[in-house]
Amino acid sequence: MKNTLRQVFHSPKFVGGFVIFLAILLTMFIYPLFNPGNPLQQIGVGTFAKPGTYVSLYDATKAKTETFRLPEAAENRLAASLTDEDRVAMIEYFNAMEIDISDLDMDDTDALLQMWEENYDPSVRPKGMTGARVNYFKRLNNSLQDLKSGDTLIIAEEGEDGELVESKKITTTDYVNTNAVANVKTLPLGTDNFGRDVLKELVSATGTSIMIGLLAGTVATIIGLSFGLLAGYLGGFVDDFIMFITNIFTVIPGFVLLILISYSIGQEQRGAAVVATVIGLTGWTWTARSVRSQVISLRNRDHVNLSKLSGHSLLRIILTDILPYIASYVVMAFILQVSSGILAEAQLSLLGLGPRTTEVPTLGLMMNWAMLYSAHTNGSWWAYFPVILVITLISFSLNLMNTGLDQVFNPTLRD
């Protein structure tokens, strides 16, 4: 056993896959210690808040300020204030005024503002432009002028007589240390369509999906191993009957059968354990076939015949004389079943047939939510791309571990 483990952990592919999978598991256990709480808690009212650090504006105005005169502050402020819509509108204005912009880069903020300063005239109404559009350009110009002037913002509060009185002045050179702000929230992956922390949700979903994969892999491996051992060792009618059942499940597309069963169960009854069990019940066929072929090659070995002559029971012969010789293959089959279970859950949930959404998130459910709320079309990549990456890493690590084991236990694949 010790020698076998030494060989396994000397396989670069197995070690690489094991390290990736272990890193994912450690993240699942460690991250909740730093960010506890319900992963499905809604912390935002809006949808798809971008990744970053969010500071309470109310608390920031109450915090002590320091004065800094950063050389690029004004330019950065102007560049950030110009949205893509504003930039396109400015190009529209230039075209309406028949101004040559062939050398203008819309993303070059300095050049765009310089041309705007030189050519915008609020008293001139371009031909064919509506009054609403003209007013839009006036508001845009006023906003740009206010930003460039660096006017002081005044925070006011209501006095005893009901009038607003000056409480505090804020200028463009005032800065606040985030450590002095009472409420600061860092969201490395922003929020999803429900205003929930995507990273916290992703960590919890990864753990749930792995548990589903482990349970589905266990169910599928046990069923496939049992049928394969009995069919391969007993042969005859038992073999024919088991293979008949296996062929029925093989002819029916597994994923179609999985969809039909999941749909028939109903949303309220589809918990994570139920979905995992259903996946396992529909994914055992190839394991049974593979185990059967392995057992057929072992059942007439000398040590098996000796056990038969000694009067050992069927269960003892299978467990002590056959199973140890295919144990490595069973482990590899289990790893592949876990990977298949995780992918199957993601596919089911993407179709809306996964676990119910009110208890725990899964990777597939996160993909389903992102798709339903069009995250892929509005540029909210953080709602779905990290999920795809995690699914890929889990599947890649498990398949890499399986390849490493195959090289260790299959002499024909050794270097």
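Taking the conditions exactly as written (farther than 17 Å from L336 by Cβ and among the hydrophobic types (A, V, I, L, M, F, W, C)), does I279 satisfy them or not? Considered against the rule, which asks whether it is farther than 17 Å from L336 by Cβ and among the hydrophobic types (A, V, I, L, M, F, W, C), I279 comes out as no.
For (1) at pLDDT below 90; (2) under 16 Å from A220 (Cα atoms), each residue gets a yes or a no:
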position: G283; (1), (2): yes, yes
position: R299; (1), (2): yes, no
position: I317; (1), (2): yes, no
position: Y329; (1), (2): yes, yes
position: V338; (1), (2): no, yes
position: A346; (1), (2): no, no
position: L351; (1), (2): yes, no
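Selection over the stretch 228-271 of residues that are assigned to a helix (DSSP H, G or I), under 30 Å from R299 (Cβ atoms) and modelled with pLDDT under 85 gives a count of 4.
Here's the yes/no breakdown for (1) of a type outside the set (A, V, I, L, M); (2) more than 39 Å from the chain's Cα centre (by Cα); (3) surrounded by fewer than 14 Cβ atoms within 10 Å (Cβ to Cβ); (4) outside the structural domain of H376 (by TED's automatic domain parsing):
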| site | (1), (2), (3), (4) |
| --- | --- |
| E85 | yes, no, yes, yes |
| K127 | yes, yes, yes, yes |
| T130 | yes, yes, yes, yes |
| K138 | yes, yes, yes, yes |
| S167 | yes, yes, yes, yes |
| V176 | no, no, no, yes |
| D197 | yes, no, no, no |
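Taken as a whole, the structure leaves P71 outside the set of residues that are assigned to a loop (DSSP other than H, G, I, E, B) and at pLDDT 85 or above.
If you go through the stretch 341-351 one residue at a time, do you hit one that is more than 27 Å from I259 (Cα to Cα) and of a type in the set (A, V, I, L, M, F, W, C)? Even if it seems obvious, please write down each step before you answer.
Keep residues of the stretch 341-351 that are more than 27 Å from I259 (Cα to Cα), which gives none.
No: the stretch 341-351 contains no residue that is more than 27 Å from I259 (Cα to Cα) and of a type in the set (A, V, I, L, M, F, W, C).
Looking at the stretch 384-392, can you tell me whether even one residue there is crowded, with 21+ Cβ neighbours inside 10 Å, outside any helix (DSSP H, G or I), in contact (Cβ under 8 Å) with a residue 40 or more places away in the chain and out of contact with any strand residue (DSSP E or B) (no Cβ under 7 Å at 6 or more places or on another chain)? Checked the stretch 384-392: no residue is crowded, with 21+ Cβ neighbours inside 10 Å, outside any helix (DSSP H, G or I), in contact (Cβ under 8 Å) with a residue 40 or more places away in the chain and out of contact with any strand residue (DSSP E or B) (no Cβ under 7 Å at 6 or more places or on another chain).
For the stretch 24-60, enumerate the residues that are among the aliphatic types (A, V, I, L, M) and surrounded by 12 or more Cβ atoms within 10 Å (Cβ to Cβ).
In the first step, residues of the stretch 24-60 are kept if they are among the aliphatic types (A, V, I, L, M); the result is 24-26, 28, 30, 33, 40, 43, 45, 49, 55, 57, 60.
Once the filter is applied, which keeps residues that are among the aliphatic types (A, V, I, L, M) and surrounded by 12 or more Cβ atoms within 10 Å (Cβ to Cβ), the stretch 24-60 yields I24, L25, M28, L40, I43, A49, V55, A60.
The values are calculated or read from the model by the stated rules, or taken from the named source; none is laboratory data. Note that the structure is predicted; figures quoted are calculated from it, not measured. Here Cβ is always computed from backbone atoms with ideal geometry, including for glycine, and neighbour counts include all displayed protein chains.
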